[in-house]
Amino acid sequence: MRYWLFKSEPSTWSWDQQVAKAEAGEEWDGVRNYQARNFMREMAVGDRGFFYHSQTEKAVVGTVEVIAEAHPDSTTDDDRWECVDIKALEAAKTPVTLDMIKQDPRLSEMVLVRNSRLSVQPVTADEWKIVCEIAGLTA
């Protein structure tokens, strides 16, 4: 199993909207960055990810599971763009802010710290455990 981080502006797609999709989940569509798309191509069903609210909140607010591997993005006819489907798993008891992550020396190499603009990014197993611990999430 691999770990990821999915960023979304809450005004575009929020954690509450993701939770409302329940077991059916939702496409992680609209990504138009090649590196983020390539990360989605690496994902397998069962991989886990952090759901991160960008913009004003800038915090990990829950965990998700990949429920469908990369497939054509239904929001475009351009076959260069693909996406995965994800479902919500668990809400963070304590949202983990970007500032909290930056202040923790164990997370200094996290992609989110080095490239906070990338909308889909890998997370190491150690980073996953640390953030889950801070958030009160099941690792």
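Summary table below
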| quantity | calculated |
| --- | --- |
| Top-ranked residue of the stretch 89-117 - restricted to ones that are open to solvent by less than 100 Å² (accessible area, probe 1.4 Å) and in a strand (DSSP E or B), ranked as farthest from residue 4 (Cα to Cα) | 94 |
| Yes/no for residue 72 being out of contact with any Cys (no Cβ under 9 Å at 6 or more places or on another chain) and at negative phi | no |
| Qualifying residue in the stretch 121-139 (condition: assigned to a strand (DSSP E or B) and surrounded by fewer than 14 Cβ atoms within 10 Å (Cβ to Cβ)) | no |
| The stretch 13-42: number of residues that are in contact (Cβ under 8 Å) with a residue 12 or more places away in the chain, within 20 Å of residue 97 (Cα to Cα) and exposed (fewer than 13 other Cβ atoms within 10 Å of the Cβ) | 0 |
| First in the stretch 93-110 and without any contact (Cβ under 8 Å) to a residue 40 or more places away in the chain, second anywhere and aromatic (Phe, Trp, Tyr), Cβ under 8 Å, 6 or more apart | none |
| Filtered residue count, the stretch 58-89, keeping only those that are touching a helix residue (DSSP H, G or I) at 6+ places or on another chain (Cβ under 9 Å) and more than 19 Å from residue 35 (Cα to Cα) | 10 |
| Residue satisfying condition, being touching a residue at least 12 places away in the same chain (Cβ under 8 Å), open to solvent by less than 20 Å² (accessible area, probe 1.4 Å) and either aliphatic (A, V, I, L, M) or not in a loop (DSSP other than H, G, I, E, B) (or both), within set 45, 61 | 61 |
| Among residues of the stretch 64-88, those that are open to solvent by 20 Å² or more (accessible area, probe 1.4 Å), assigned to a loop (DSSP other than H, G, I, E, B) and of a type in the set (D, E, K, R), counted | 4 |
| Among (1) at pLDDT 95 or above; (2) farther than 15 Å from residue 121 by Cβ; (3) exposed (fewer than 15 other Cβ atoms within 10 Å of the Cβ), the one test that residue 56 misses | (1) |
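The values are calculated or read from the model by the stated rules, or taken from the named source; none is laboratory data. All figures in this text were calculated on a predicted structure; none of them were measured in a lab. When we count neighbours, we look across all protein chains shown, and the Cβ atoms used for this are built from the backbone with ideal geometry, even at glycine. For accessibility, only protein heavy atoms count, side chains too; no ligands or nucleic acids. Shrake-Rupley method; radii C 1.70, N 1.55, O 1.52, S 1.80 Å.
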